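Structure first, commentary second.
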Amino acid sequence: MCREEDYSGSCEPEYREGRPERIRNLFLYPCHVYQIYKLLIFYWIFNLSLSFQECSSWGEWSSWSVCSATCGVGVRSHVRKCINGTVGDKGCQGSPAQLETCESENGPCKSWSTWQQWSDCTATCSGGLKIRSRTCLNGSSGDVGCTGNETDSLACNKQPCTYWAQWSENKLCSVTCGGGFVVRERSCVNGDTGELGCEGSAQEPSECNTQECPGWSYWSTWTECSLSCGSGKRTHSRQCIDGEVGNVGCEGNDFEEQDCNTKNCSTWGDWSSWTSCSVSCDDGILSRLRQCINGSIGDGGCLGNSVENSTCNTKPCPQFSSWGLYSPCSATCNGGIQSRNRTCRHDNSDGTGCQGSTSEIIPCGTKPCLECLPNQQEIGFQFGSVACSNETKVGSICIFTCQPGYLNVGSSELECLEKNSTTALWDGEPPDCQAKCTDLVDVVFVIDSSSSIRSNNFKIIQRFLVSLVQQFRVGMNATKFGAIRYNRHVDHLWNLKDNPTTEDVINAIENIPYDGSGTLTGKALNYTRENLFLPETGRRRGVAKVVVVITDGKSFDDIVTPSQLLKQDNTFIVVLGIGRVDSNQISQIASEPKLDFATIVEDFSSLNQNLNKVASQIRLCQGSQNITLCSSSTVMDVLFIVDGSSSIGTKNFEIVKNFVISLIEVFKVGNDTTQIGYIRYNAVVDERFQLGEYNNTEDVLEAVRRVPYRGQGTRTGQAITYAANNALSATAGKRPGVPAIAILITDGRSQDSVFSGAQLLRNKAKVIAVGVKGAAIQDLDMIATDPDIQNVFIVNDFASLLGQVDSISSTACYLSRNG
């Protein structure tokens with residue numbers, strides 16, 4: 001039933017009483033004309049209920065369409081359909097579509113600005129140019145919307161310029177000598193005399209032929225005859241005064257010649273051919289002859305010798321030199337060779353001058369090679385990596401490196417040593433990697449009890465140590481504590497194995513006596529290294545060693561060497577200085593970094609305020625790097641790929657260079673250690689220097705400092721593809737078998753795809769990706785070596801790069817040994 005509340009136009013009213021009234025009302029509404037006939041037929045024939053056509057009405061609006069513009073402002077629309085009718089029917093009045101403006105997600109469109117005003121014409125006549133320019137708004141020239149030229153030119157002032165024609169040639173002088181006059185003329189082109197460009201006179205007179213008129217001098221006397229015999233010549237001459245020969249007054253020749261001394265002269269005949277050389281080497285002799293014609297030897301034309309000799313075959317005859325010394329043996333064991341050489345001196349050009357061999361070889365080093373077993377590199381290292389210089393051979397050094405988050409406990413370096421003629425052994429046990437921030441540590445307290453502390457303060461130290469021990473689980477599979485007390489002497493209090501429970505350790509601390517004077521901290525550290533960390537005193541293999549030094553004064557002996565020896569043995573030193581201590585000594589004793597291992601408090605009452613901090617230091621929860629991760633013998637080829645696009649700017653590019661310099665300073669640069677290469681890129685790739693081009697740190701750093709900033713475009717895909725195909729090749733200095741590390745630094749999104757280049761680069765090197773805020777994280781993840789969480793570094797700004805030097809250098813060294 002169509003109701004008025006359902007339809008804004010007129011419709012049938014509610015049912016009335018009586019069927020005729022209902023039928024009558026149907027004729028009042030146009031929307032039911034067609035239905036009336038159907039109703040009458042069905043009503044009278046079948047006596048069924050009447051059915052009525054539903055009224056037309058608008059359906060729901062569709063969703064808004066996508067914005068029509070890819071940039072700037074566009075249009076979007078949505079539509080609706082007329083149900084049970086067509087647009088314009090009652091109930092479907094109005095528009096079936098709506099439009100509204102929308103802004104593109106890509107921001108404003110790139111477009112040309114309006115042209116600037118034309119410049120002044122470059123010439124006032126004969127054709128010049130006017131120039132105007134425009135700029136690309138919201139983009140760069142060449143972008144979509146900014147195609148075409150940035151500048152435009154227009155010809156101007158095309159009228160020809162007024163100027164003087166060339167001077168005409170001078171007319172003939174009025175006289176040939178003695179002084180006359182001549183006039184030359186010129187005409188004004190494109191104008192008249194006196195106009196701009198034709199200033200001055202159209203005629204110019206000048207003097208001419210001012211020279212004196214020419215004439216001959218007297219003849220000179222005859223010269224001597226040119227030959228004493230055989231028809232010589234003699235001459236005499238005259239000069240043309242004030243003119244040239246041929247001028248009027250100087251007609252004729254200026255010299256005359258005549259024959260003299262016409263009789264035949266004696267002379268040497270031609271030399272004969274040279275004879276053969278008397279010997280083939282070591283200085284021979286050859287000779288030739290000549291005869292005197294028209295006279296005798298000694299006459300004027302036949303002076304000198306009739307025979308001439310010359311040396312020949314002066315080169316010494318070929319002969320061997322003495323034998324040189326034998327070379328060192330090519331191998332010290334398992335069979336080598338030694339060789340010596342001699343040379344053929346003065347050899348013939350065809351190499352046939354000396355008979356015999358130029359080299360001799362003899363065997364050497366025939367004894368069997370000694371080896372240290374097992375093969376540490378082959379066995380591997382849990383939670384770390386092993387790199388050996390020469391496998392299991394004598395002299396090989398194996399470096400043990402733990403992964404980030406683990407500590408190297410034990411010796412980080414083993415060397416294969418020859419014990420005797422038949423035996424070679426590693427110089428120690430291999431270390432272990434222990435997870436950081438754990439209760440599994442061997443701790444030795446080194447407690448200062450010098451007279452400056454006094455008994456009441458010593459009790460405060462004891463109470464602090466009790467509270468500190470209560471922070472740990474004590475036991476065989478947890479923390480073990482040992483202790484010494486020192487002043488000028490060392491008092492060995494207890495070993496790591498002596499107090500197996502927390503209560504035992506607390507009881508031992510409470511019973512430490514106080515007495516003594518003097519402060520010999522270096523002596524105490526030496527004693528700790530030599531006596532406390534031994535298997536027989538309770539030292540556990542594979543557990544981190546921590547020394548906790550508590551002192552209130554300055555040591556009166558050397559503390560640098562003892563603390564360094566402890567650190568070299570992978571022992572961590574936590575230092576707690578109280579009061580007016582020597583801060584320099586505290587820093588020298590503590591492990592690196594000092595901020596994580598050294599604590600100085602104002603007085604004894606402040607100790608408990610640092611309880612949690614010291615406990616965290618003992619558990620080695622610091623962010624310190626593994627102390628053996630980057631050794632001086634690290635061998636790798638490191639290639640920097642540095643973004644130099646316009647978004648970086650000159651100031652930030654200098655920060656990036658300082659960051660790269662700080663990274664390089666961590667490594668030892670050399671032909672046998674770490675090699676450095678450097679690529680700067682933007683829209684183009686610029687390989688600044690190749691791997692191995694510089695063989696020391698200073699030269700590499702200077703080359704980095706010289707890298708200029710050139711900014712436009714960011715084509716990272718192109719840069720990493722070039723690096724894989726060119727910079728990491730043997731021709732560019734990449735050493736075979738040496739680990740390659742690529743470090744990419746960028747601040748933006750690449751304008752090209754990095755997918756294929758990333759695959760190529762990861763096949764050639766281990767890749768670390770460093771991004772400054774704004775870099776595309778997904779691109780960095782694709783480029784970096786897996787796992788991304790370890791090899792991708794993101795910083796909020798360029799100034800934060802320097803804070804990542806330790807982490808990135810350690811990651812590079814780890815990758816070089818774990819590849």
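The values are calculated or read from the model by the stated rules, or taken from the named source; none is laboratory data. None of these values were measured; they are calculated from a predicted model. Cβ coordinates were reconstructed from backbone atoms using ideal geometry, including for glycine residues, and neighbour counts include every protein chain displayed. Surface areas here come from the heavy atoms of the whole protein model, side chains and all, with no ligands, DNA or RNA. Shrake-Rupley method; radii C 1.70, N 1.55, O 1.52, S 1.80 Å.
Classify the stretch 692-782 as rounded, prolate or oblate from the Cα gyration tensor: take a ≥ b ≥ c as the square roots of its eigenvalues, call it rounded if a/c is under 1.5, otherwise prolate when a/b beats b/c and oblate if not.
Cα axes put the stretch 692-782 in the oblate bin.
Under 13 Å Cα to Cα from LYS110, which aspartates and glutamates show up? Leave out anything in the same chain fewer than 8 places away.
Hits, sequence-local ones excluded: ASP143.
So, with a 1.4 angstrom probe, what is the percent of accessible area on the chain that is carbon and sulfur?
Carbon and sulfur atoms account for 48 percent of the accessible area of the chain.
Filter the cross-link list LYS594/LYS764; LYS436/LYS734; LYS367/LYS734; LYS594/LYS734; LYS459/LYS613; LYS567/LYS773 down to pairs whose alpha-carbon distance in this structure exceeds 32 Å.
LYS594/LYS764; LYS436/LYS734; LYS367/LYS734; LYS594/LYS734; LYS567/LYS773
Starting from one equal scatterer on each C-alpha and no solvent at all, send me the Debye-based log10 I(q)/I(0) for the stretch 733-778 at q = 0.18, 0.19, 0.34 Å⁻¹, two decimals.
Debye curve over Cα of the stretch 733-778, log10 I(q)/I(0) at q = 0.18, 0.19, 0.34 Å⁻¹: -0.62, -0.68, -1.29.
Could you tell me whether the chain comes out rounded, prolate or oblate from its Cα gyration tensor? Rule is a ≥ b ≥ c as square roots of the eigenvalues, rounded for a/c under 1.5, then prolate if a/b exceeds b/c, otherwise oblate.
Here the chain falls in the oblate category.
Along each principal axis of its Cα atoms, how long is the stretch 665-710 end to end? Whole angstroms, biggest number first, please.
Cα extents, longest axis first: 34, 16, 16 Å.
I'm checking a number: the convex hull volume of the Cα atoms of the stretch 334-478, normalised per residue, in Å³. What is it?
Convex hull volume per residue, Cα atoms: 279 Å³.
List the lysines whose alpha-carbon lies under 26 Å from that of LYS263, not counting same-chain residues fewer than 8 positions away?
Partners found: LYS233.
Straight-line reach from LYS419: which aspartates and glutamates have Cα under 19 Å away, leaving out those fewer than 8 places along the same chain?
Within the straight-line cut-off, LYS419 pairs with GLU371, GLU391, ASP427, GLU429.
Where Lys and Arg each count +1 and Asp and Glu each count -1, what net charge lies around GLN568 among other residues with Cβ under 13 Å from its Cβ?
Result for the local shell: 0.
In square angstrom, rounded to the nearest 10, how much accessible surface does TRP115 have for a 1.4 Å probe?
We get 80 Å² for TRP115.
Would you rank LEU761, LEU154 by solvent-accessible area, highest first, keeping every protein chain in place and using a 1.4 Å probe?
The ranking, largest first, comes out as LEU154, LEU761.
Roughly speaking, what is the centre-to-centre gap between the stretch 280-308 and the stretch 785-809 when only Cα atoms are used, to the nearest Å?
92 Å
Please give the Cα centre distance for the stretch 458-503 versus the stretch 148-209, rounded to the nearest Å.
Taking the Cα centre of each part, the stretch 458-503 and the stretch 148-209 sit 112 Å apart.
Do any chymotrypsin sites (Phe, Trp or Tyr not before Pro) in the stretch 506-561 lie in a loop, going by DSSP, with at most 16 other beta-carbon atoms within 10 Å of their beta carbon, and if so which?
PHE556
Work out Dmax and Rg for the stretch 755-819 from the C-alpha atoms and quote the Rg first, both in angstrom.
11.8, 32
Work out from phi, with θ = phi - 60° and the Karplus expression 6.51 cos²θ - 1.76 cosθ + 1.60, the ³J(HN,Hα) of each residue of the stretch 303-310, listed in order in whole Hz, and give x for Gly and Pro.
Whole-Hz 3J(HN,Hα) from phi for the stretch 303-310: 7, x, 8, 8, 10, 10, 10, 8.
So what is the calculated 222 nm ellipticity per residue for the chain, using -39500 (n - 2.57) for each DSSP H run with n of 4 or more, over all residues, to the nearest 500 deg cm²/dmol?
-5500 deg cm²/dmol
Less than 12 Å Cβ to Cβ from VAL635, Lys/Arg counted +1 and Asp/Glu -1: what total charge do the surrounding residues give?
+1
What number comes out for accessible area per residue over the chain if the probe is 1.4 Å? Units Å², please.
So the chain comes to 55 Å² accessible per residue, rounded to a whole number.
When the solvent-accessible surface of protein heavy atoms is calculated with a 1.4 angstrom probe, in what order do TRP268, TRP167, TRP219 fall, highest first?
TRP219, TRP167, TRP268
Which of the GluC sites (Glu not before Pro) found in the stretch 373-467 are loop residues per DSSP with 15 or fewer other Cβ atoms within 10 Å of their Cβ?
Sparse-neighbourhood loop GluC sites (Glu not before Pro): GLU391.
With the alpha-carbon atoms as the only input, what is the per residue convex hull volume for the stretch 126-165 in Å³?
Each residue corresponds to 71 Å³ of Cα convex hull volume.
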